[in-house]
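Take a look at the structure set out below.
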Amino acid sequence: MSETTFTVPVGPQHPALKEPENLMISVDGERVVDVKIRLGYVHRGGEKAFEARNYTQGLYLVERICGICAMAHQLCYANNIEALLGVTVPRRADYIRTIIAELERIHSHLLWVGVAGHEIGWDTLFMYTWRDREVVLDLMELATGNRVTHATNAIGGVRRDLTPEMISQISKGMRHLEERVKYYASMIPKERTIMKRAVGVGILKPQDAVALCAVGPTLRASGIKRDVRRDDPYSAYDEIPFEVVTHDGCDVAARVMVRVGELFESIKIANYALEHLPSGPVRVRVPINVPAGENVSLVEAPRGEDIHYCKSNGTDKPERYKVRAPTLANWASVATMLKGGYVADIPIALAAIDPCMSCTDRMTFTDVSSNKMWHWTIEDLRRHSAKWHGK
Amino acid sequence: MVETKREEEIAESLKTKLENNLLDVRVQRRRRVFATVTPASLREAVGFVKDRFGMRHVSTVTGVDAGKEIAVYYHLMGKSEGDASEITLSLRANTPKTEPKLPTITHLIPGASFYEREVHDMFGVVFEGYPDLSPLVLPEGWPANVYPLRKECTVDYIKSEIGKTQGDSR
């Protein structure tokens, strides 16, 4: 550390979103020189808890890893246990899972566009997208019985079938949301409020994204075409046509555009699945005990690749259950994105990976000149950001 | 019959490349291969599949308590030019629980960094050559040599150890 850097701790409360982690940020004036990440503030020992619960209880524990991508985690878990059991899920259940997974992506991406607007001090956008998000949350409630933590899956299929009324309601909702997303897609690239704060901010070069094993929209906004739905298809994705959206911008603006593009694709996938929904049962009964074995299951969650590993031992409880949520995969990239950037751009660059701390897990500033240290919450940081950019 | 030609090819080339250092290899199902290698050949194996099969992505590193040993799995993913889908290779290396250590693979795939630190926190595996194995997820003041995901480490044991370091009987 040279004599001109300064360490500023940001977090653990509110580093960007209302969730805890700590970043020790070394700054030289307004420039970020180094970032050290500390996680674990919301570590709940979930992996240990799986070992003490049977597979059915695990199904409900797993969706509590994350309130936003409950479906992604639960689907990954169900696929995992079904593979160990050697069970093939009815095709109708695969389609219903795909529909709910895409509804979840729409809700998550709309939520994120709103949060991104909030981080740059433009709360109107936040209110717009969150109003639209209500539409999809209501559809979730209609289809599953709950707005969040849907408990859609059972091991061997889905818990609830879609009725013709539900299908027509979801289709109607998709038509409405498609119009809204068209509006965002045409407005955002022309809107200076966003572009001034997003273009050229939080750069992640393609070679760095690959080397640091970034996932999801963060990776695809660096021009890398990787998506579990295409590269390791599960549920009904092998039969449904869709595009993997990428962008060459490598900055926050590119991450916005990738997510907006993915909203269109999700609507397309949901519509296709609704129109081609096969008839038949939605669930098969499965035994309580799972034969000894091991399996790796992958799902494209809204934030990127979600991987679960399960080792079974022939009983009704797993020997080992491992979860790696997408946010953890993107933390290494965050450090690279922040380095060389301005302190005022930390909130938006951090928010751009759409971090989910509960899935994974503060920021400290150090001034290299006086070795002084101080802590900032995101509110302090956001205020500094708005003031600095307002000059 | 599900086509597993590419998976078999990975298994065969690992056999040829690693010879006696490959302890076990099996194609579990479509797009899933499991292999066990000696700790000494771990880096060679990772470097090989990275160059030969485009496995540049490490999805995560999983630690498993296997009794007297800690099994560490490197879930590597990738595809060769022209392939439509990716294959996940779970490369396993075992290390004794009494003194668990493995070479770091972060110089080959920097993205493995957080995952190795997590396994270090949870299982006490030392990744040789890794510059900073300070706690990533365990809190400050966590008692030494308590590795939460090892089987012998029960919740009561963790509570008593934390009690000792904090000088109370929680």
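The values are calculated or read from the model by the stated rules, or taken from the named source; none is laboratory data. For clarity, every value in this text was computed on a predicted model and none was experimentally measured. Note: ideal-geometry Cβ built from the backbone for every residue, glycine included; neighbour counts use all protein chains shown.
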List the residue pairs whose Cβ atoms are under 6 Å apart, where the first residue sits in region A:320-343 and is under 24 Å from B:L149 (Cα atoms), the second is aliphatic (A, V, I, L, M) and at pLDDT 85 or above, and the two are 6 or more positions apart or on different chains.
A:R320/B:V64; A:R324/A:I307; A:P326/A:V215; A:P326/A:A301; A:A329/A:V215; A:N330/A:A214; A:A332/A:L212
All conditions in (1) touching a strand residue (DSSP E or B) at 6+ places or on another chain (Cβ under 8 Å); (2) at pLDDT 90 or above are true of A:A52 except (1)
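One residue is enough: does region A:257-265 have a residue meeting the conditions under 30 Å from A:V87 (Cβ atoms) and away from chain B (no Cβ under 14 Å)? Lay out the reasoning, then the answer.
First, the residues of region A:257-265 that are under 30 Å from A:V87 (Cβ atoms): A:265.
Filter once more, so that each one left must be away from chain B (no Cβ under 14 Å): A:265.
Within region A:257-265, one or more residues are under 30 Å from A:V87 (Cβ atoms) and away from chain B (no Cβ under 14 Å).
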Matching helices (runs of 4 or more DSSP H) fully within region A:168-239 where at least 3 residues are out of contact with any Asp or Glu (no Cβ under 6 Å at 6 or more places or on another chain) and away from chain B (no Cβ under 14 Å):
A:192-198
So A:C66, is it crowded, with 18+ Cβ neighbours inside 10 Å and in contact with a Cys (Cβ under 6 Å, 6 or more places away or on another chain)
yes
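Give me the helices (runs of 4 or more DSSP H) completely within region A:1-120, filtered to those with at least 2 residues that are within 14 Å of another protein chain (Cβ to nearest Cβ) and β-branched (V, I, T), ordered by residue number. Walk me through it before giving the result.
Working: elements: A:46-51, A:55-62, A:70-85, A:91-119.
Because the criterion is at least 2 residues that are within 14 Å of another protein chain (Cβ to nearest Cβ) and β-branched (V, I, T), no helices (runs of 4 or more DSSP H) in region A:1-120 meet it.
Quick grid of which residues meet (1) surrounded by fewer than 23 Cβ atoms within 10 Å (Cβ to Cβ); (2) under 14 Å from B:A45 (Cα atoms); (3) touching a strand residue (DSSP E or B) at 6+ places or on another chain (Cβ under 7 Å); (4) not assigned by TED's automatic domain parsing to the domain that holds B:V49:
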{"position": "B:A93", "(1), (2), (3), (4)": "no, yes, yes, no"}
{"position": "B:E99", "(1), (2), (3), (4)": "yes, no, no, no"}
{"position": "B:P103", "(1), (2), (3), (4)": "yes, yes, yes, no"}
{"position": "B:A112", "(1), (2), (3), (4)": "no, no, yes, no"}
{"position": "B:E128", "(1), (2), (3), (4)": "yes, no, yes, no"}
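Which of the residues that make up region A:147-160 are in contact with a helix residue (DSSP H, G or I) (Cβ under 7 Å, 6 or more places away or on another chain) and outside any strand (DSSP E or B)? Step through it out loud before you land on a result.
Quick first cut of region A:147-160, residues in contact with a helix residue (DSSP H, G or I) (Cβ under 7 Å, 6 or more places away or on another chain) only: A:147-153, A:155-158, A:160.
Within region A:147-160, A:R147, A:V148, A:T149, A:H150, A:A151, A:T152, A:I155, A:G156, A:R160 meet the criteria.
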In region B:39-73, anything within 11 Å of chain A (Cβ to nearest Cβ) and aromatic (F, W, Y) is listed as B:Y73
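Can you pull out the residues in region B:57-91 that are surrounded by fewer than 18 Cβ atoms within 10 Å (Cβ to Cβ) and either at negative phi or in a strand (DSSP E or B) (or both)? Before you say what the answer is, go through the steps one by one.
First pass over region B:57-91, keeping only residues surrounded by fewer than 18 Cβ atoms within 10 Å (Cβ to Cβ): B:66-69, B:80-85.
The answer is B:A66, B:K68, B:E69, B:S80, B:E81, B:D83, B:A84, B:S85.
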Six or more apart or on different chains, Cβ under 8 Å: which pairs go from a residue in region B:81-100 that's closer than 28 Å to B:F127 by Cα to one that's in a loop (DSSP other than H, G, I, E, B) and of a type in the set (D, E)? Could you list them?
B:E86/A:D232; B:T88/A:D232
Positions within region A:277-302 being crowded, with 18+ Cβ neighbours inside 10 Å, within 14 Å of chain B (Cβ to nearest Cβ) and either polar (S, T, N, Q) or over 19 Å from A:I240 (Cα atoms) (or both), in sequence order
A:E294, A:N295, A:V296, A:S297
Starting from region B:28-50, take each residue that is farther than 19 Å from A:Y309 by Cα and list its partners that are of a type in the set (D, E, K, R) and part of a helix (DSSP H, G or I), counting only C-beta distances under 7 angstrom and pairs at least six apart or across chains.
B:F48/B:K17
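In this structure, is B:L138 within 13 Å of chain A (Cβ to nearest Cβ), surrounded by 16 or more Cβ atoms within 10 Å (Cβ to Cβ), within 23 Å of A:N295 (Cβ to Cβ) and among the hydrophobic types (A, V, I, L, M, F, W, C)? Even if it seems obvious, please write down each step before you answer.
Details: within 13 Å of chain A (Cβ to nearest Cβ): yes; surrounded by 16 or more Cβ atoms within 10 Å (Cβ to Cβ): yes; within 23 Å of A:N295 (Cβ to Cβ): no; among the hydrophobic types (A, V, I, L, M, F, W, C): yes.
The answer is no for B:L138.
Let's see how each residue does on (1) under 22 Å from A:T327 (Cα atoms); (2) under 14 Å from the mean Cα position of the chain (by Cα); (3) among the charged types (D, E, K, R):
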site	(1), (2), (3)
A:C69	yes, yes, no
A:I99	no, no, no
A:W112	yes, yes, no
A:V115	yes, yes, no
A:M140	no, no, no
A:R147	no, no, yes
A:V158	no, no, no
A:D161	no, no, yes
Just checking, does region A:105-119 include any residue being modelled with pLDDT under 95, charged (D, E, K, R) and within 27 Å of A:G293 (Cα to Cα)?
no
